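Trainee: This is the structure I want to talk about, given as structure tokens.
Nothing in this text is a laboratory measurement; each read-out follows from the coordinates by a stated rule. Everything numeric in this text was worked out from a predicted model, so none of it was measured. Here Cβ is always computed from backbone atoms with ideal geometry, including for glycine, and neighbour counts include all displayed protein chains.
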Amino acid sequence: MAKIRHNNMMDTVDEIFSLARQKGSLHLYADDEQMDGRTLSFNGNKALHFGTCGYLGLENHPAIKNGAIEAIHRFGTQFPMSKTYVSNPLYAELEALTQEMYNAHVVISKNCTLSHLATIPTLVRNSHLVILDHQVHSSVQEAVKKLLSQGVTVEMIRHSNLDMLEDRIKKQRGKFEKIWYMADGVYSMYGDFAPIQDLIALAEKYDELYLYIDDAHGMSWAGKNGGGYVMSQMEGLYEKMILTATMGKAFGACGGLTVFPDPEWARKVKTFGGPLTFSVQMEPPILGAAVASAKIHLSDEIYEYQQELQEKIAYCNALMKQTQVPLITENASPIFYVGTGTMAFGNRLISRLIEDGIYVNLAPFPGVPAKNTGARITISRHNELRDIETMVDKLSYHFNETLEEMDQTKAKIWEAFKAVSPMKEELPAGELKNKHLSLKTYRSIHDLDQQLWNKVLGHRGMFDSTGMAYLERSFSGNEKKESNWDFRYFLVTDKKGEPVLLTFCVIALYKEDMFAEVSISKSMEEKRREDPYYFTSKAIVMGSLFTEGDHLYINRQGNDWKEAMKMLLDELYKEQKEGQAKNIILRDFDAEDTELNEFLLEQSFVKIDMPESCVFDSLDWETEEGFVEALSKKSKRHYKQKVKKFTPLYQVEVKSSLDDTELKKAQQLFQNVKNNNYAINSFDFPGKVFQNMNDDPQWEFLVLYLNLENLPAPELVAVGFCHKNVNNVYSPMLIGMNYDYVFDYGVYRQSLFQMIMRANELGCARVNFGISASVEKQRIGSKLYPKVAYFQAKDNYESEMMSATIALERT
């Protein structure tokens with residue numbers, strides 16, 4: 001089994017956030033001596049505050065502050081014990097007030113995340129199905145992950161797609177006692193609403209359907225008694241809905257609450273709801289503030305605040321309409337989202353606004369899909385009408401300035417959000433820039449200057465001009481759609497016609513778990529026995545799904561390389577739209593290339609670890625003894641014990657072609673390896689791949705036979721499918737092995753050794769051993785080069801991780 005490094009997505013998120021911090025748009029420290037909610041100070045400079053989730057401004061309400069102060073005087077700063085034993089006296093009062101607010105049964109926790117962790121695992125059973133909205137808050141997804149270990153089935157649907165939800169209900173309703181659909185009431189980034197009334201209608205239609213809604217961003221500023229947006233869509237709490245909310249945003253205090261229609265559900269959660277049992281309870285000052293806020297919510301005062309906020313929201317909407325900034329969602333929530341598309345644009349816009357006295361939130365991956373980065377603007381009662389005017393004016397100005405600075409267009413941004421620009425159609429980017437560079441796209445290697453190709457890029461691996469012609473022949477005209485690839489070649493030249501960038505890509509169907517954990521890919525393959533195209537999609541892949549190596553030439557000595565890269569990405573986006581590819585994957589980059597890493601992160605690509613690339617380039621020896629002498633002390637010991645020991649048992653032949661029987665056997669041996677290697681999970685190659693190898697003079701077969709006393713004849717145990725390129729690079733692209741002998745006679749190690757011997761015999765300068773099995777290749781003397789790839793993250797981080805976990809559990 002090949003061993004590869006699997007990516008830790010948290011490292012990727014760390015890089016994105018660290019870059020944003022470096023650019024001055026995340027992890028800032030306010031330096032105010034005191035706060036009024038209207039402004040924030042950074043480095044001594046005041047900025048109008050349009051980034052709060054305290055939409056009603058209650059955190060500065062005198063009664064709420066006095067409630068906290070009085071509670072400290074009465075009960076101290078904390079009450080450090082579990083509520084299972086004794087609750088602070090203020091809990092009883094707060095529970096009674098919130099139950100009056102909702103006219104339902106309420107359980108209070110220290111925050112909304114703990115509410116989910118207490119409620120979901122307590123009430124959801126093995127006989128239930130959970131269906132998640134793709135954009136449901138990460139705190140809900142974290143709680144659901146606990147269900148997977150309990151054997152609960154979890155699925156995920158596209159955001160607010162009720163047709164998809166109903167389809168899943170129809171297919172699953174007879175298999176489960178309850179089906180829980182979990183969603184947000186108001187989504188935290190775009191500010192859009194869940195279709196509550198339609199969901200209730202669906203729950204009325206299907207007895208099994210129950211709703212679990214997180215209304216953290218809807219609480220207080222809407223609904224009777226400030227019960228929230230979801231409550232504003234109902235006469236009272238729906239009998240098949242559990243509602244969670246937070247007292248830590250517009251409510252003006254802190255804490256989470258869960259509202260139940262069934263007193264027995266509330267009793268179970270309160271009695272032994274996970275963190276409610278084992279966590280310390282809310283501090284007295286927070287309880288005091290919450291009690292005071294609940295009293296305001298039960299008075300007419302709350303409706304005055306709601307009305308005032310709605311007037312400011314409407315005013316902001318009216319002003320935004322007069323600009324041409326891409327406002328992604330227009331609604332009555334206090335959350336406004338202006339799309340920037342790329343991280344680079346978002347970082348620059350935020351930093352410009354802060355410098356000019358306006359603070360808004362950057363919304364990066366993983367909070368949103370990577371190419372849907374934007375600026376989240378929130379309106380609160382603290383904002384005066386003149387503040388909103390100032391913010392919109394400066395936002396419009398700096399957006400347009402950043403647009404020009406980043407060589408971006410509004411049309412591209414709208415396209416990134418899969419929306420049509422409401423403004424007049426803009427000129428394509430190519431007519432607005434790149435006056436000293438030009439890009440050409442080709443559809444076949446035969447259309448390019450092949451001498452230029454081999455000189456600049458093709459000499460690096462098996463993808464020289466004849467190698468590319470082989471790939472084009474092999475992956476066209478096949479029966480299965482995954483075996484037919486569209487090839488694209490991209491050349492960027494300067495005014496003198498000199499190449500600045502050269503690369504190639506394929507548009508092909510791939511398995512989305514290609515580099516997932518082995519356990520996940522194994523489970524996927526079980527599912528694919530019924531549905532061969534489960535969890536697969538079309539992608540544009542730099543290089544191909546067959547080749548390995550540095551597929552991108554880019555001249556970074558001058559100042560044009562970033563512009564050339566942007567031109568390439570623009571062209572890839574066009575190809576993606578025309579070919580309806582789900583993703584763009586840029587692969588096999590040096591993991592230590594920090595400059596390129598920063599550039600691609602800012603273009604809204606997300607980095608993942610690739611398997612290490614293995615290269616043997618110590619070929620300046622003439623004998624086997626010379627090979628051994630060049631090895632490290634540890635590798636010498638390995639060679640003597642694991643390789644040399646078995647060499648006399650092997651008969652090695654190099655064949656330029658195989659007869660039909662041999663070729664069929666070689667394919668079977670390769671399939672053995674393919675079926676045993678889920679670390680790099682790809683589709684099977686078509687038969688033309690092997691037949692065309694057999695007919696191509698650049699390919700040869702390194703055949704290993706094992707001579708054993710108990711065998712009547714030498715046994716074919718391994719075949720190396722090896723390519724020789726125009727620059728004397730030897731590339732063993734595939735290997736086939738008989739697993740009956742692999743472990744007892746070191747078949748794989750012997751194959752690696754014989755490939756090195758063959759490359760030396762041919763006078764090659766390097767052996768490209770490719771990716772995976774890096775430990776064995778290193779032991780034989782190969783150097784390892786950490787590689788990374790970049791892809792478009794379509795979903796937020798939690799959804800990406802949940803999708804993989806769900807797929808594993810479901811299958």
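Trainee: Expressed as a rounded percentage, what relative contact order does the chain have, with Cα pairs under 8 Å and six or more residues apart?
Mentor: Relative contact order, the chain: 15 percent.
Trainee: Give me the angle, in degrees from 0 to 90, between the Cα long axis of helix 660-676 and the longest principal axis of the Cα atoms of the chain, rounded to the nearest 10.
Mentor: So the helix axis and the longest Cα principal axis differ by about 30 degrees.
Trainee: On to the next question. Which of the three applies to region 112-222, rounded, prolate or oblate, going by the alpha-carbon gyration tensor with a ≥ b ≥ c and a/c under 1.5 meaning rounded?
Mentor: On the way: a/c = 1.81, a/b = 1.16, b/c = 1.56.
The shape class here is oblate.
Trainee: Continuing with this model, one more query. Express in nm, to one decimal, how much length is gained between V13 and S444 on full extension, taking 0.36 nm for each residue of separation and deducting their alpha carbon distance.
Mentor: Computed gain between V13 and S444 is 151.4 nm.
Trainee: What value, in deg cm²/dmol to 500, does the helix sum -39500 (n - 2.57) over DSSP H runs of n ≥ 4 give at 222 nm once divided by the residues of the chain?
Mentor: The helix contribution divided over the chain gives -12000 deg cm²/dmol.
Trainee: Just flag the chymotrypsin sites (Phe, Trp or Tyr not before Pro) in region 93-194 sitting in loop per DSSP whose Cβ has no more than 11 other Cβ atoms within 10 Å.
Mentor: none
Trainee: Also, I was wondering about something else. Calculated FRET efficiency, Y85 and S299, Cβ-Cβ r, R0 30 Å, to nearest 0.05?
Mentor: 0.35
Trainee: Still on this structure, I have one more. Each residue of region 491-500 in order: what ³J(HN,Hα) in whole Hz does its phi give by Karplus 6.51 cos²θ - 1.76 cosθ + 1.60, θ = phi - 60°, with x for Gly and Pro?
Mentor: Rounded to whole hertz, the list is 10, 10, 10, 8, 4, 7, x, 7, x, 9.
Trainee: Taking the Cα centre of the chain as origin, work out the dipole magnitude from +1 charges on Lys and Arg Cβ and -1 charges on Asp and Glu Cβ, in debye rounded to 20.
Mentor: Details: 90 positive and 109 negative charges, 285 e Å.
With only Lys, Arg, Asp and Glu charged at Cβ, the dipole is about 1360 debye.
Trainee: Roughly how tilted is helix 138-148, in degrees to the nearest 10 and between 0 and 90, from the longest Cα axis of the chain?
Mentor: Long axis of 138-148 versus the principal axis of the chain: about 60 degrees.
Trainee: Please tell me which of these pairs span more than 23 angstrom C-alpha to C-alpha: K46/K371; K634/K787; K171/K527?
Mentor: Flagged as over cut-off: K46/K371; K634/K787.
Trainee: Which GluC sites (Glu not before Pro) does region 545-650 hold that lie in a coil by DSSP with at most 13 other beta carbons within 10 Å? Please list the in-between numbers first.
Mentor: Details: sites: E548, E563, E571, E575, E578, E592, E595, E598, E602, E612, E622, E624, E625, E629; in loops: E548, E592, E612, E622.
Listed in order of number, the matching sites are E592, E622.
Trainee: Moving to a separate point now. Quick one: putting +1 on the C-beta of Lys and Arg, -1 on the C-beta of Asp and Glu, what dipole do you get for region 379-533 around its Cα centre, in Debye to the nearest 20?
Mentor: 380
Trainee: Relative to the longest principal axis of the C-alpha atoms of the chain, give the angle of the C-alpha long axis of helix 263-272, reported between 0 and 90° and rounded to the nearest 10°.
Mentor: Tilt of helix 263-272: around 70 degrees.
Trainee: Would you mind checking the pairs K538/K724; K480/K674; K455/K538; K110/K312; K538/K574 and listing those with alpha carbons more than 21 angstrom apart?
Mentor: K538/K724; K455/K538; K110/K312
Trainee: Projected onto the charge dipole of region 669-802 (+1 at Lys/Arg Cβ, -1 at Asp/Glu Cβ, origin at the Cα centre), which of V747, F685, I771 gives the Cα projection farthest towards the positive end?
Mentor: Checked the options; the winner is I771.
Trainee: With charges set only on the Cβ (+1 for Lys and Arg, -1 for Asp and Glu), what does the dipole of region 458-533 come to about its Cα centre, in debye to the nearest 20?
Mentor: Value, rounded to 20: 220 debye.
Trainee: Okay, moving on. Which pairs break 18 Å Cα to Cα here: K145/K240; K224/K295; K249/K270; K170/K582?
Mentor: Over 18 Å Cα-Cα: K145/K240; K249/K270; K170/K582.
Trainee: What do you get for GluC sites (Glu not before Pro) in region 168-254 restricted to DSSP loop and a cutoff of at most 12 other Cβ within 10 Å of the site's Cβ?
Mentor: Details: sites: E177, E204, E208, E235, E239; in loops: E177, E208, E235, E239.
Those satisfying the criteria are E177, E235, E239.
Trainee: Okay, moving on. Of N707, L237, S523, which is farthest along the charge dipole of the chain in the positive direction, counting Lys and Arg as +1 and Asp and Glu as -1 at C-beta?
Mentor: Farthest along the dipole direction, towards plus: N707.
Trainee: Distances longer than 46 Å among the Cα atoms of the chain: what percent of all pairs is that?
Mentor: When all Cα pairs of the chain are counted, 35 percent exceed 46 Å.
Trainee: Mind ordering 134-145, 757-768 by average Cβ neighbours within 10 Å, highest first?
Mentor: Per-residue Cβ counts within 10 Å, averaged per peptide and sorted highest first, yield 134-145, 757-768.
Trainee: Among the aspartates and glutamates, which fall within straight-line cross-link reach of K636, defined as a Cα-Cα distance under 18 Å, with same-chain neighbours fewer than 8 residues apart omitted?
Mentor: D617, D620, E622, E624, E625, E776
Trainee: Turning to a different aspect of this structure: At a threshold of 8 angstrom on Cα-Cα distance, excluding pairs fewer than six apart, so keeping six or more, what relative contact order does region 674-781 reach in percent?
Mentor: For region 674-781, the relative contact order is 20 percent.
Trainee: When we measure straight from the Cα of K321, which aspartates and glutamates land under 20 angstrom away, once same-chain ones fewer than 8 places off are left out?
Mentor: Hits, sequence-local ones excluded: D192, E311, E330, E384, D387, E389, D393, E401, E415, E425, E426.
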